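Notes follow the structure.
The values are calculated or read from the model by the stated rules, or taken from the named source; none is laboratory data. For clarity, every value in this text was computed on a predicted model and none was experimentally measured. As a convention, Cβ positions derive from the backbone with ideal geometry for all residues, glycine included, and neighbour counts pool all protein chains shown.
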Amino acid sequence: MKPTFLLVFALMMAFYVWLHFYAAGWLARNFAPHLAGALRLSLLCLALLSPASMFVRRVVNAPLEHLYTAAFVWMGVIFFWGMGFLVYDALRLALSAASRPLPPWAPRAFCAVMAALTAASLYNGFRTPEIKRFDLAVPGLPASFDGLKIAQISDMHVDSGYQLVKFRGAAEKIAAEAPDLVVFTGDLVDPGIRCEAELELAAAGLKPRLGSFASLGNHEYYYGLDRSMGCYEHMGIKLLRNSIAETGGLKIAGLDDIRTAGLEEADVERALAPLRDEPFALVLSHQPLLYEVIAGKGRFLVLSGHTHRGQIFPFHFFTRLAYRYFYGLYRLGDSFFYVTSGAGTWGPPMRLLAPAEVPLITLRRAE
């Protein structure tokens, strides 16, 4: 591992553990000062739950799905509540400095609001993603592509039974829309799932007229490239690795995950060079990176994911710092770019102010 990665990982783990101690102190201070020691010890044990479960999952590969799910739920809860406690204390200090202290019932009211938001985020995290339908008017679109319907599945992160249920539900919703083309823009699988039977059965209803195509995400690398490619093959999905396919006259390019594969501008330019003279082409690229480079190489619709739209507020702010193209539709030159919030969740099965979606894009000729 690179020293920079190890340093960042160590800092994140230190912050994660510290957040548990901070939460314990906040709860003790506002509700039970006499239980401060017990709260710190209890939350310290919980701080070890998520890292330990991930280690067991990857190394031991034990079938303990409920433990993994509980660990990820706790990870989301402590981040959400811990950040909430920090905001609460900042507000309390600001009001105290202005001689306007919070009323004694404020901690209980705050916890009630946080509990309601937590319940809502868990509900959104476990439920089947909705279809997001929209038309995209493309100048110069060939008449043969007018009305073409493209369904995009991204960031499904199928690693457990409940994620598999969501994928099956999403596939059923997509099949009911009868798209012409289904594309997967990475992070379909994660450790914890058996590809051959489970995913093949879940995707069995997807029979688009022009086929299904995919590009790699970073989690396909984490899962293992050979195993990931086997998953796509078993589902009948054509995986494009810095390569181009054609279906119904439409050219489709798929890029490996730019950051994980270490692709540079020259690599992207080389992969897209055969599409320079195409009146319109589709590009699948997991992370919304090098968009300016891609826009200069042709007239494309580029589909991406990865950002999860932040997944759990307030992480939207941190994700926006890392990715200029964060969520939604963008236009650069003659090309359009859509970054989806994704169909699943990674880590905590929670979503707050970042609903999951399956984009269904209908191409239209612009007047």
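Anything in the range 276-323 that is farther than 25 Å from residue 78 by Cα and free of Cβ contacts under 8 Å to residues at least 24 places away in the same chain? List them, or say none.
276, 277 - these are the residues of the range 276-323 that are farther than 25 Å from residue 78 by Cα and free of Cβ contacts under 8 Å to residues at least 24 places away in the same chain.
Only residues that are outside any loop (DSSP other than H, G, I, E, B), more than 18 Å from residue 154 (Cβ to Cβ) and not acidic (Asp, Glu): list them for the range 230-245, please. Across the range 230-245, the qualifying residues are 230, 234, 243, 244, 245. Restricting attention to the range 194-229, the residues that are assigned to a loop (DSSP other than H, G, I, E, B) and of a type in the set (Phe, Trp, Tyr) total 0.
If you go through the range 87-102 and keep only what is of a type in the set (Gly, Ala, Ser) and surrounded by 11 or more Cβ atoms within 10 Å (Cβ to Cβ), you end up with just 96. Somewhere in the range 28-47, is a residue under 26 Å from residue 163 (Cβ atoms), modelled with pLDDT under 90, assigned to a helix (DSSP H, G or I) and not assigned by TED's automatic domain parsing to the domain that holds residue 348? Scanning the range 28-47 turns up at least one residue that is under 26 Å from residue 163 (Cβ atoms), modelled with pLDDT under 90, assigned to a helix (DSSP H, G or I) and not assigned by TED's automatic domain parsing to the domain that holds residue 348.
Residues in the range 223-241 include none that are among the aromatic types (Phe, Trp, Tyr), under 27 Å from residue 141 (Cα atoms) and in the same structural domain as residue 141 (by TED's automatic domain parsing). Taking the listed residues 289, 210, the one that is in the same structural domain as residue 338 (by TED's automatic domain parsing), more than 23 Å from the chain's Cα centre (by Cα) and not small (Gly, Ala, Ser) is 210, with no other qualifying.
State whether one or more residues within the range 119-129 are over 21 Å from the mean Cα position of the chain (by Cα) and crowded, with 16+ Cβ neighbours inside 10 Å.
Taking every residue of the range 119-129 in turn, none turns out to be over 21 Å from the mean Cα position of the chain (by Cα) and crowded, with 16+ Cβ neighbours inside 10 Å.
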